[in-house]
1. Tell me, what is the percent relative contact order of the chain, built from C-alpha pairs under 8 Å that lie six or more residues apart?
2. Among the lysines, which have Cα under 18 Å from the Cα of Lys7 when same-chain residues fewer than 8 positions away are ignored?
3. Through the Karplus equation 6.51 cos²θ - 1.76 cosθ + 1.60, θ set to phi - 60°, convert the phi angles of the range 169-182 into ³J(HN,Hα) values in whole Hz; use x for Gly and Pro.
4. For Leu275, enumerate residues with amide H under 5 Å from its amide H, sequence gap 5+ or separate chain, H modeled in the peptide plane.
5. Which ³J(HN,Hα) values in Hz, rounded to whole numbers, follow from the phi angles of the range 219-231 under the Karplus curve 6.51 cos²θ - 1.76 cosθ + 1.60, where θ = phi - 60° and Gly and Pro get x?
6. For each of Ser76, Ser307, count neighbouring Cβ atoms within 10 Å of the residue's Cβ, then give the residues from fewest to most.
7. Taking every pair of alpha-carbon atoms in the range 154-351, give the share separated by more than 27 Å as a whole percent.
8. Could you tell me which of the pairs Lys37/Lys171; Lys55/Lys87; Lys98/Lys142 are separated by over 18 angstrom between their Cα atoms in the structure shown?
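Please treat every number below as a calculation from the coordinates, not as lab data. Bear in mind the structure is a predicted one, so any value in this text is a computation, not a measurement. Cβ placement follows ideal geometry from the backbone for every residue including glycine, while neighbour counts extend to all protein chains displayed.
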Amino acid sequence: MPPDVEKRDQDLNERIVSFIDDLKQGTIRGSFNVAFKTVNLMVRIISQTKWNSAKELMEIVKKEGQKLMSAQPSESSIGNMVRRVLKIIREEYASGLKGKSEEGDPQESLHKLLTAEGQIDDYTRYVCDLKATVIEAVTEMKTELETSIDNIATQSLEHIHSNEVIMTAGKSKTVELFLKDAARKRKFQVIVVECAPFYHGQELAVSLAKSGVETTVINDSAVFAIMSRVNKVLIGTHTVMANGGLKAINGSHAIALAAKHYSVPLIVCASTFKLSPEFLHSEDQYAFNKFESPEEVLKFSEGKILSQVHIVNPVFDYVPPELVTLYIFNIGGTAPSYVYRLLSEFYHPDDHIL
């Protein structure tokens, strides 16, 4: 193996190992940062590894993707980005074959277009400039990621009106920008649920107050009492599940139930990279959830009590789709019942289970 190739492979392996270590230690904060770094790594894997066909490339991407996913199973955005890259490889391979073999056919029937990809079963044929077209398409996806939050924020005036009372929970960067964008032209009041024991809601309240938004912080137990005064509930989420349900910050389910009781619309702001083809297969929270140290709830200094109790401090809640009114994605508003359609646009059915 030539020295430059060996050095290149070593550099790639070091980057992969470094990223896996960061995921395990939790040093990368936020779904966006995880997704963006995953895509960057995928670009390096595509450009620096040796492969001769789309099939070989897809096997490499799947193998490395499985490593990353196993490092931090609770971060679904890793798997989502790997699946998006696999879909891009399939599309570029199909369009490369089509351009080569069917260039003289300007008008194709709808049936032919729908079945074209289904006829590709081996992905082993040579396609000219496949690496360049795949990297270009993945780079475009990176640009989409970077602009996703801004694209959601620009829709704010369609959903927030003057003198409304908006409830939100915790601290979501997407929701924060959404509210700040609306505040430039509308006057409204925001009630922030503090989300104990992490109290991220207090950080959001401070940020909104500095931007001139009238903000009130309430504790989690006051949600039901306040809900009758609220016009809309606006929350962010960690993951949008395949059935239209949510994997959102702890306390979201209680807020959603209160909103349903008072017929208050529950609107969820989420970028499309949070859309996952995974389901909550059971109510087994240990498989679905992520757990933090209970030190914020009960101090370790209380050793006598701690030795006699088992404290569970989950990070996420599952919110079923029937409690969600509308999703605001960077591509527009979507009902929970329409999420299955978006899945078919972003992911290939063969990649749902990696």
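1. 16 percent
2. Result set, ordered by chain and number: Lys50.
3. For the range 169-182, the Karplus-derived couplings read 9, x, 10, 10, 4, 5, 5, 4, 5, 4, 5, 5, 5, 5 Hz, x marking Gly and Pro.
4. Amide H neighbours of Leu275: Val240.
5. Computed from phi, the couplings for the range 219-231 are 7, 4, 6, 8, 4, 5, 5, 7, 4, 5, 8, 8, 8 Hz.
6. In order of increasing Cβ crowding within 10 Å: Ser307, Ser76.
7. 32 percent
8. Those over the limit are Lys37/Lys171; Lys98/Lys142.
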